[in-house]
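The values are calculated or read from the model by the stated rules, or taken from the named source; none is laboratory data. Bear in mind the structure is a predicted one, so any value in this text is a computation, not a measurement. Backbone-built Cβ (ideal geometry, glycine too); neighbour counts: all protein chains shown.
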Amino acid sequence: MVAQQESIREGFQKRCLPVMVLKAKKPFTFETQEGKQEMFHATVATEKEFFFVKVFNTLLKDKFIPKRIIIIARYYRHSGFLEVNSASRVLDAESDQKVNVPLNIIRKAGETPKINTLQTQPLGTIVNGLFVVQKVTEKKKNILFDLSDNTGKMEVLGVRNEDTMKC
């Protein structure tokens, strides 16, 4: 039971986590209060679970190559995401180190969650996926998106803040 509790602990993680890289997106620039920053998104997996990764150090892009086994240490874990920054360590695994990711985890990592499943999640749950927008209702301070799939419909509220929008 302790091992399971360890695997879901949130916050700063010192321990080494061997993972297989499933996917990595191109770096992009975004604005913060401190100015422009660059990052990219990746998906990695262990033999038991997958993680979406926010990589705030684009110099690590060459480590996040699909099917490559890497070791991540000194990262943050929260809301189902891993965050890698300039203080994190990302190393190539030894040639004899294997991470055998089952096909069902690889498939699940690439799936967009179904709306009927999302409707059972607590408010504020972070979701990755592509959805069909049926209707957009724009207001001064927010935008309401009506989404649907073959399992149901839902509304997503995007909040405007001057020139930006947060969903």
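When you scan the stretch 42-57, do you find a residue that is out of contact with any strand residue (DSSP E or B) (no Cβ under 9 Å at 6 or more places or on another chain) and small (G, A, S), even just one? Checked against the condition, which is being out of contact with any strand residue (DSSP E or B) (no Cβ under 9 Å at 6 or more places or on another chain) and small (G, A, S), the stretch 42-57 yields no hits at all. S88 passes every criterion in (1) among the small types (G, A, S); (2) in contact (Cβ under 8 Å) with a residue 40 or more places away in the chain; (3) crowded, with 17+ Cβ neighbours inside 10 Å apart from (2). Out of all the residues in the stretch 136-151, which are in a loop (DSSP other than H, G, I, E, B) and out of contact with any helix residue (DSSP H, G or I) (no Cβ under 8 Å at 6 or more places or on another chain)? Result: K139, K140, K141, N150.
Which pairs do you get when a residue that is under 11 Å from D149 (Cα atoms) and assigned by TED's automatic domain parsing to the domain that holds V133, found in the stretch 105-117, comes within reach of a residue that is assigned to a helix (DSSP H, G or I) and not charged (D, E, K, R), reach meaning Cβ atoms under 8 angstrom, with the pair 6+ apart or on two chains? Here the result reads none, with nothing in the stretch 105-117 linked to a residue that is assigned to a helix (DSSP H, G or I) and not charged (D, E, K, R). Looking across the stretch 64-81 at every residue that is among the basic types (K, R) and in a loop (DSSP other than H, G, I, E, B), the one that is surrounded by the fewest Cβ atoms within 10 Å (Cβ to Cβ) is identified as K67.
Quick check on K61: is it buried (at least 16 other Cβ atoms within 10 Å of the Cβ), in the same structural domain as A42 (by TED's automatic domain parsing) and modelled with pLDDT of 95 or more? For K61, the condition - buried (at least 16 other Cβ atoms within 10 Å of the Cβ), in the same structural domain as A42 (by TED's automatic domain parsing) and modelled with pLDDT of 95 or more - is met. All of (1) modelled with pLDDT of 90 or more; (2) surrounded by 11 or more Cβ atoms within 10 Å (Cβ to Cβ) hold for R107 with one exception: (2).
May I ask you to verify whether V136 is surrounded by 15 or more Cβ atoms within 10 Å (Cβ to Cβ) and either within 29 Å of G158 (Cβ to Cβ) or in contact (Cβ under 8 Å) with a residue 24 or more places away in the chain (or both)? So V136 fails the test.
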